[in-house]
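Worksheet: the structure to be examined is printed underneath.
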Ligand code: 5GP
């Protein structure tokens, strides 16, 4: 855990307020992992994490699964060092696996505008997988503009900037065990 001095050197005068506790996250992950294990029994899905934000969520999900699976990662550009979206998505690192004919489970940290997820859906569909499912830890329904179903949503949240449990503020704070809102007052 970060000490107060390190924390204030990162966030300055801003406030961190706990939104979703470590225990709530753990509990929800057990439920999601149980559903995935049930849905994919007898199959070997490739679980693809979207870097960087999903690394803890993916690690916790796979450790709860009781089926066989493979893991891969993809990296796309998101907000850079700003807290608002730039409106364009770029592929920074592609997956290594051949996903044609495979069952794909995409693990996102957060769906905000939905731009990233739309981009990723197209990237994966172009490779003709057998199936494609979407899991996100967090979803901002007020800002999200996607016209397809997200199979598993950890938590619906408001239109606020959140950090911790994989989510960053200027590339920092990803290791905080809970999810916090970061505000100016
Ligand atoms: P979208 O393309 O859906 O607008 O944004 C998705 C990406 O933006 C996420 O994968 C995440 O990296 C970043 N993002 C969106 N909202 C937040 C937020 O509240 N906090 C942080 N740390 N990143 C966010």
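Derivation of every value follows stated rules applied to the coordinates shown; laboratory data play no part. None of these values were measured; they are calculated from a predicted model. Reconstructed Cβ throughout: ideal geometry from the backbone, glycine too, with neighbour counts over all protein chains shown.
Over the Cα atoms of the chain, the radius of gyration divided by the Kirkwood radius equals 0.96; this is the Rg/Rh ratio. Ellipticity at 222 nm from helices only: DSSP H runs of n ≥ 4 in the chain, each -39500 (n - 2.57), divided by the residue count, give -7500 deg cm²/dmol. Distance between the pseudo-spin-label points of residue 27 and residue 159 (7 Å out from Cα toward the beta carbon): 2.9 nm.
Counting beta carbons within 10 Å around each of 89, 135 and listing the fewest first gives the order 89, 135. In degrees between 0 and 90, to the nearest 10, how far off the longest principal axis of the chain does helix 22-39 point, with axes built from Cα atoms? It is inclined by approximately 10 degrees.
Taking the chain as a Gaussian network, where each spring joins two C-alpha atoms under 10 Å apart, which residue of 137, 106, 65 fluctuates the most? Judging by the Gaussian network model, the answer is 65.
Modelled this way, with points 7 Å down the Cα-to-C-beta line, the labels at residue 9 and residue 170 are 1.2 nm from one another.
Taking every alpha-carbon pair in the range 91-135 and binning the separations at 10 Å intervals from zero gives 25, 61, 15 percent. Comparing 31, 147, 66 in a Gaussian network model of the chain (Cα springs below 10 Å), the most mobile by mean-square fluctuation is 147. A viscosity of 1.002 mPa s and a temperature of 20 °C, combined with the Kirkwood radius over C-alpha pairs in the Stokes-Einstein formula, give the range 1-61 a diffusion coefficient of 147 µm²/s. Here the label points at residue 88 and residue 126, each 7 Å from Cα along the C-beta direction, are separated by 1.6 nm in the simple model. The range 129-154 and the range 1-36 have Cα centres lying 21 Å from one another. Cβ crowding within 10 Å ranks 136, 181, 88 as 88, 181, 136, fewest other Cβ atoms first.
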